[in-house]
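Q: Can you read through this structure? Questions will come right after.
The values are calculated or read from the model by the stated rules, or taken from the named source; none is laboratory data. Remember, it's a predicted structure, so these values are computed and weren't measured experimentally. Heads up, the Cβs are rebuilt from the backbone with ideal geometry, glycines too, and the neighbour counts pull from every protein chain shown. Each accessible area value is taken on the protein alone, full model and side chains, heavy atoms only, with ligands, DNA and RNA left out. Shrake-Rupley method; radii C 1.70, N 1.55, O 1.52, S 1.80 Å.
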Amino acid sequence: MKQKRKIGLLSLFLVLSMLVFTACGQEKKAANSVIHVGTNAEFPPFEYIDENGEIAGFDVAVMKAIGEEMGYDVEFTNMEFKSLTASLKTGGLDAVAAGMTITEDRKQSVDFSDGYYEATQCIVVSKDSPVTAMKDLEGKKIGAQVGTTGMFRAEKVPGAKVVTFANAAETFLEFQNGGVDAVIQDFPVVAYYVAQGGNKGRLVGPK
């Protein structure tokens with residue numbers, strides 16, 4: 001069965017959200033008004049560091065468009081994925097844009113926007129691997145980014161040893177070095193990784 005999920009923009013800046021709906025025709029906020037947004041810029045193509053050393057990607061573009069519409073500047077902070085919701089709850093951030101799955105558990109402590117991207121989970125394995133489906137990962141060593149849907153899916157594979165990493169880049173590096181047999185991650189992220197060329201593996205899925 002396909003493991004589908006919706007990615008949402010975490011939005012605890014509720015007063016600002018109200019402004020975008022009520023301020024039509026009114027003067028926009030001052031240019032120095034800022035929305036502080038957290039992300040984990042190791043998740044291309046959704047968020048990554050570009051050739052100019054700037055945080056870029058699909059989620060980043062969405063958040064910038066929201067800021068422009070509302071008349072706010074947007075400042076991004078790059079941090080570990082697992083720290084994002086905690087920083088949001090303590091007031092260190094106004095919002096998070098980081099390819100985050102909407103779950104009932106997370107809804108207990110943060111507010112999500114409507115989902116704006118639906119993703120499936122898929123696998124990357126070596127080019128000579130016999131793996132053709134999720135069931136073939138039974139008993140194997142699987143790499144996954146901590147706290148992600150990929151990790152939760154990997155933990156359901158019977159007999160598998162799940163090795164977690166702080167970000168997608170570390171997960172793929174371990175795979176490339178032969179430390180894990182496979183990686184489970186969002187389809188766009190795996191597809192982007194494999195498309196970089198070289199001996200980076202083979203995509204299996206989405207599943």
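Q: Could you check the simple spin-label distance between Asp50 and Glu118, using points 7 Å along Cα→Cβ, in nm with one decimal?
A: Each label point is offset 7 Å from its Cα along the Cβ direction, giving 3.0 nm.
Q: What is the P(r) of the range 34-174, as percent of Cα-Cα pairs per 10 Å bin from 0?
A: Percent of pairs per bin, in order: 11, 37, 33, 15, 4, 0.
Q: A follow-up question, please. Could you do me a favour and compute the accessible area per residue for the range 90-183, 1.4 Å probe, result in Å²? Walk me through the numbers before you get to the answer.
A: Working: 4370 Å² over 94 residues.
Spelled out: the 1.4 Å probe surface of the range 90-183, per residue, equals 47 Å².
Q: Using 1/(1 + (r/R0)^6) with R0 = 30 angstrom and r between the beta carbons of Thr77 and Glu138, what's the FRET efficiency to the nearest 0.05?
A: 0.15
Q: Still on this model: What ranking, highest mean first, results for peptides 174-180, 104-110 when packing means the other Cβ atoms within 10 Å averaged over each residue?
A: Details: 174-180: 15.7, 104-110: 10.6.
Output ranking for 174-180, 104-110: 174-180, 104-110.
Q: Next question, about the same structure. If the cut-off is a Cα-Cα distance under 14 Å, which aspartates and glutamates reach Lys127, setting aside same-chain residues fewer than 8 apart in sequence?
A: Within the straight-line limit of under 14 Å, Lys127 reaches these aspartates and glutamates: Asp181.
Q: Taking the Cα atoms of the range 77-125, report the difference between the largest and smallest coordinate on each principal axis, in whole Å and largest first.
A: For the range 77-125, the Cα extents along the three principal axes come out at 39, 22, 18 Å.
Q: May I pose another question? Give me the percent of the accessible area of the range 42-200 that comes from carbon and sulfur atoms, probe 1.4 Å, all protein chains in place. Each step should come with its number before you reach the end.
A: Numbers: 3540 of 7630 Å².
That fraction is 46 percent.
Q: Going highest first, how would you order 126-138, 68-80 by mean Cβ packing within 10 Å? Each step should come with its number before you reach the end.
A: On the way: 126-138: 13.8, 68-80: 16.4.
Peptide ranking by packing, descending: 68-80, 126-138.
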